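Worksheet: one structure, shown below.
The values are calculated or read from the model by the stated rules, or taken from the named source; none is laboratory data. Quick caveat, the model's predicted, so the values are computed rather than measured. Here the Cβ positions follow ideal geometry from the backbone for every residue, glycine too, while neighbour counts run over all protein chains shown. Areas reflect the complete protein model, heavy atoms only, side chains present, ligands, DNA and RNA absent. Shrake-Rupley method; radii C 1.70, N 1.55, O 1.52, S 1.80 Å.
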Amino acid sequence: QVQLMESGGGLVQAGGSLRLSCAASGSISSIIAMAWYRQAPGKERELVARISSVGSTNYGDSVKGRFSISRDNAKNTVYLQMNSLKPEDTAVYYCNSAVVAAGDYYARNYWGKGTLVTVSS
């Protein structure tokens, strides 16, 4: 079984910064990609940023130039550095990862439980 655990959410003023972390644990053979999604009240879940196993990244249009995703493969951890935060960034942020668990032959999609980020104006 594979678990994803997010941390680092909280309340911040507009213009401030936060750093989210997500650690994958369990019987992991390999991690293909890691990503952050977010879901604001009344809205659909959207991709924030994604990073591949070799470090290729892509970002949602609304966060380009402000957010940065990185990963530590040795720790099975992905980070999201969020700068110049805006009230519209308020959402629950979910960690997502495509993981090949020990004993599996293909990757499965796993989700964390989410961490709330609130940006006050």
Subset of the stretch 40-59 (residues that are open to solvent by 20 Å² or more (accessible area, probe 1.4 Å) and either of a type outside the set (S, T, N, Q) or within 18 Å of residue 7 (Cβ to Cβ) (or both)): 40, 41, 42, 43, 44, 45, 46, 47, 50, 54, 55, 59
Find all pairs meeting these conditions: Cβ atoms under 9 angstrom apart; at least six residues apart or on different chains; first residue within the stretch 96-111 and under 11 Å from residue 35 (Cα atoms); second residue among the basic types (Lys, Arg). 96/50; 98/108
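Please go through the stretch 85-114 and give me each residue that is within 18 Å of residue 43 (Cβ to Cβ), part of a strand (DSSP E or B) and open to solvent by 20 Å² or more (accessible area, probe 1.4 Å), ordered by number.
Step one: list which residues in the stretch 85-114 are within 18 Å of residue 43 (Cβ to Cβ), which gives 85-94, 96, 111, 114.
Add one more test, that the residue is part of a strand (DSSP E or B), and what stays is 91-94, 96, 111.
Answer for the stretch 85-114, where residues must be within 18 Å of residue 43 (Cβ to Cβ), part of a strand (DSSP E or B) and open to solvent by 20 Å² or more (accessible area, probe 1.4 Å): 92, 94, 111.
Within the stretch 64-79, is even one residue among the basic types (Lys, Arg) and open to solvent by less than 60 Å² (accessible area, probe 1.4 Å)? Give the steps one after another, and end with the answer.
From the stretch 64-79, those among the basic types (Lys, Arg) are 64, 66, 71, 75; that's our starting set.
Narrowing the set further to residues that are open to solvent by less than 60 Å² (accessible area, probe 1.4 Å) leaves 66, 71.
The answer is yes; a qualifying residue exists.
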Verdict on residue 29 being in contact with a Gly (Cβ under 7 Å, 6 or more places away or on another chain), over 22 Å from residue 121 (Cα atoms) and of a type in the set (S, T, N, Q): no
What residue, among those in the stretch 20-61 that are hydroxyl-bearing (Ser, Thr, Tyr) and part of a loop (DSSP other than H, G, I, E, B), is modelled with the highest pLDDT? 56
